[in-house]
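Trainee: Below: one structure in structure tokens.
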Amino acid sequence: MLRYREDWRTLLWAFVLFPAVGLAPYVEPRLIPWTLPLSLYLGFCAGVFSHNHNHTPTFKNRKMNAFFSAWLSVFYGFPTFAWIPTHNLNHHKFVNKAGDATITWRYSKRNTWLVASTYYFVSAYWQSSVIKEYIAKAKAQNPKLYRQIVGQYATLAVAQGGLLALAVALHHDAWWRGPVVWFFGFGVSAMFANWSMIFINYIQHVHADPWSEHDHSRNFVSRLGNWLVFNNGYHTAHHESAGLHWTKLPELHAKIEAHIHPELKQPSIFGYCFRAYVLGIFSDRYRTHQIGRAAYEPPQGGDLDLQTASVAAEEAGVNASMA
Ligand SMILES: [Zn+2]
């Protein structure tokens with residue numbers, strides 16, 4: 001059933017932990033302070049799974065893959081097809097250079113907490129045109145793909161609406177109690193899923209060198225951290241072999257790590273954020289600085305076009321993981 005048997009852990013998280021932790025506040029709202037950190041972590045995982053599943057479908061069976069995409073859309077808080085036009089067909093092609101919808105340097109070339117935390121809005125805004133374009137092309141040329149897209153939107157809306165209704169039905173002694181239970185059960189993790197994927201894209205590429213062979217991405221290499229986030233920290237390896245299953249990334253990272261700039265091999269996300277965004281307030285030493293050639297300095301010179309590059313019609317029609 002699974003293309004890689006190690007994905008049993010993906011399924012355990014997605015089909016057991018996601019709903020169980022989400023429903024815990026429905027049973028006992030006083031659990032919220034305990035479930036909140038777990039919900040945020042699981043939201044991050046929902047983002048990672050939808051990323052992985054779009055690169056390398058989890059199941060052998062196409063219908064199962066379509067079902068899993070719809071299931072993940074509920075917990076990711078956005079239809080997961082959106083990764084295809086903005087990430088697979090755009091970000092992986094341009095890697096933070098002009099044309100990438102998710103460039104980290106659009107309005108500021110500095111890396112401060114203000115830029116990093118507001119990047120979500122910048123990135124989401126600039127991704128929207130290419131998502132719309134992709135939907136329009138699917139509608140015109142690939143009815144099957146279009147049905148899946150509509151199905152993901154519908155699943156997300158019906159499931160989250162149903163979960164909100166259930167919370168209100170169970171907790172109606174005050175008008176606000178049901179919505180609060182839903183928010184801490186499922187709402188906040190789905191919002192965090194979206195925010196954190198865009199945030200991690202920022203910290204994985206800011207001040208890296210997209211023109212270089214191995215210094216185009218920042219890695220977070222702690223073993224425990226990578227176990228928890230299904231090897232999402234090995235970003236150089238991921239960019240160099242996007243179709244490689246997440247279980248194979250540590251092996252590829254080990255092969256290339258000697259060629260990666262030390263600053264681009266951070267032990268953990270938390271340590272990196274603390275240094276760059278907390279200590280960095282007080283001293284420039286702790287902030288990141290451009291490594292190698294900046295994304296906005298093409299070796300051949302010339303003007304930069306910061307519009308999101310459009311998705312080719314045939315790409316929208318022939319996507320293997322969605323077909
Ligand atoms: Zn990717």
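The values are calculated or read from the model by the stated rules, or taken from the named source; none is laboratory data. Every value quoted in this text rests on a predicted model; they were computed, and no experiment measured them. Cβ sites come from the backbone with ideal geometry, for glycine too, and all protein chains shown count toward neighbours.
Trainee: May I ask you to list pairs of residues, at least six apart or on different chains, whose Cβ atoms are under 6 Å apart, with the first in the range 91-106 being under 17 Å from H51 (Cα atoms) and modelled with pLDDT of 90 or more and the second being of a type in the set (A, V, I, L, M) and within 12 Å of the ligand (Cβ to nearest atom)?
Mentor: From the range 91-106, the pairs are H92/A242.
Yes or no, residue by residue, for (1) more than 29 Å from T10 (Cα to Cα); (2) in contact with a strand residue (DSSP E or B) (Cβ under 6 Å, 6 or more places away or on another chain); (3) among the aliphatic types (A, V, I, L, M); (4) assigned by TED's automatic domain parsing to the domain that holds M191:
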position	(1), (2), (3), (4)
S73	no, no, no, yes
P79	no, no, no, yes
L89	no, no, yes, yes
S108	yes, no, no, yes
W113	yes, no, no, yes
P143	yes, no, no, yes
R147	no, no, no, yes
G151	no, no, no, yes
L163	no, no, yes, yes
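Trainee: So for the range 45-68 (the condition being surrounded by 18 or more Cβ atoms within 10 Å (Cβ to Cβ), over 25 Å from L249 (Cβ atoms) and β-branched (V, I, T)), does at least one residue qualify?
Mentor: For the range 45-68, residues surrounded by 18 or more Cβ atoms within 10 Å (Cβ to Cβ), over 25 Å from L249 (Cβ atoms) and β-branched (V, I, T): absent.
Trainee: Could you please find all residues in the range 1-43 being in contact with a strand residue (DSSP E or B) (Cβ under 8 Å, 6 or more places away or on another chain) and of a type in the set (A, V, I, L, M)? I'd like the intermediate steps shown before the answer.
Mentor: Just the residues of the range 1-43 that are in contact with a strand residue (DSSP E or B) (Cβ under 8 Å, 6 or more places away or on another chain), to begin with: 1-3, 8, 11.
M1, L2, L11 - these are the residues of the range 1-43 that are in contact with a strand residue (DSSP E or B) (Cβ under 8 Å, 6 or more places away or on another chain) and of a type in the set (A, V, I, L, M).
Trainee: Next up: Please go through (1) surrounded by 19 or more Cβ atoms within 10 Å (Cβ to Cβ); (2) of a type in the set (F, W, Y); (3) not in a helix (DSSP H, G or I) for Y107 and return the number of the only condition it doesn't satisfy.
Mentor: Failing condition for Y107: (1).
For every residue, the table says whether it meets (1) aliphatic (A, V, I, L, M); (2) under 30 Å from F282 (Cβ atoms); (3) not in a helix (DSSP H, G or I).
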{"position": "A116", "(1), (2), (3)": "yes, yes, no"}
{"position": "A140", "(1), (2), (3)": "yes, no, no"}
{"position": "T155", "(1), (2), (3)": "no, no, no"}
{"position": "L164", "(1), (2), (3)": "yes, no, no"}
{"position": "A167", "(1), (2), (3)": "yes, no, no"}
{"position": "W175", "(1), (2), (3)": "no, no, yes"}
{"position": "F199", "(1), (2), (3)": "no, yes, no"}
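Trainee: Within the bounds of the range 53-74, is there any residue that is within 15 Å of the chain's Cα centre (by Cα) and more than 16 Å from the ligand (Cβ to nearest atom)? Spell out how you get there, then give the answer.
Mentor: In the first step, residues of the range 53-74 are kept if they are within 15 Å of the chain's Cα centre (by Cα); the result is 53-56, 69, 72-74.
Restricting the remaining residues to those that are more than 16 Å from the ligand (Cβ to nearest atom) gives 73-74.
Taking every residue of the range 53-74 in turn, at least one turns out to be within 15 Å of the chain's Cα centre (by Cα) and more than 16 Å from the ligand (Cβ to nearest atom).
Trainee: Please give the number of the condition W211 fails out of (1) more than 16 Å from H92 (Cβ to Cβ); (2) away from the ligand (no atom under 16 Å from the Cβ); (3) in contact (Cβ under 8 Å) with a residue 60 or more places away in the chain.
Mentor: (1)
Trainee: In addition: Please tell me if A157 is under 24 Å from the mean Cα position of the chain (by Cα) and free of Cβ contacts under 8 Å to residues at least 12 places away in the same chain. Spell out the reasoning first.
Mentor: Values: under 24 Å from the mean Cα position of the chain (by Cα): yes; free of Cβ contacts under 8 Å to residues at least 12 places away in the same chain: yes.
Here the answer is yes, as A157 does meet what is asked.
Trainee: Would you point out which residue out of Q152, Q204 is buried (at least 17 other Cβ atoms within 10 Å of the Cβ) and in contact with a His (Cβ under 6 Å, 6 or more places away or on another chain)?
Mentor: Details: Q152 fails: in contact with a His (Cβ under 6 Å, 6 or more places away or on another chain).
Of Q152, Q204, the one residue that is buried (at least 17 other Cβ atoms within 10 Å of the Cβ) and in contact with a His (Cβ under 6 Å, 6 or more places away or on another chain) is Q204.
Trainee: Also, I was wondering about something else. Please work out which residue is nearest to the ligand (Cβ to nearest atom), limiting yourself to the range 226-248 and to residues that are outside any loop (DSSP other than H, G, I, E, B), surrounded by fewer than 23 Cβ atoms within 10 Å (Cβ to Cβ) and more than 16 Å from the chain's Cα centre (by Cα).
Mentor: Start the filter on the range 226-248 by keeping residues that are outside any loop (DSSP other than H, G, I, E, B), which leaves 226-228, 235-240, 246-248.
So of that shortlist, the ones also surrounded by fewer than 23 Cβ atoms within 10 Å (Cβ to Cβ) come out as 226-228, 239-240, 247-248.
Now narrow it down to the ones that are more than 16 Å from the chain's Cα centre (by Cα): 227, 240, 247-248.
Details: W227: 19, E240: 11, T247: 15, K248: 14 Å.
Looking at the filtered set, the residue picked out is E240.
Trainee: What are the residues in the range 278-291 that are surrounded by 16 or more Cβ atoms within 10 Å (Cβ to Cβ) and either of a type in the set (K, R) or under 16 Å from H205 (Cβ atoms) (or both), if any?
Mentor: If the condition is that a residue be surrounded by 16 or more Cβ atoms within 10 Å (Cβ to Cβ) and either of a type in the set (K, R) or under 16 Å from H205 (Cβ atoms) (or both), then R287, T288, Q290, I291 are the ones that fit.
Trainee: Please indicate, with yes or no, whether at least one residue in the range 135-144 is in contact (Cβ under 8 Å) with a residue 12 or more places away in the chain, within 21 Å of the chain's Cα centre (by Cα) and over 30 Å from L23 (Cβ atoms). So that I can check it myself, show each step before the final result.
Mentor: Let us first name the residues in the range 135-144 that are in contact (Cβ under 8 Å) with a residue 12 or more places away in the chain, namely 135, 137-138, 141-142, 144.
Next cut, within 21 Å of the chain's Cα centre (by Cα) only: 135.
From what's left, over 30 Å from L23 (Cβ atoms): 135.
So far as the range 135-144 goes, yes, one or more of its residues are in contact (Cβ under 8 Å) with a residue 12 or more places away in the chain, within 21 Å of the chain's Cα centre (by Cα) and over 30 Å from L23 (Cβ atoms).
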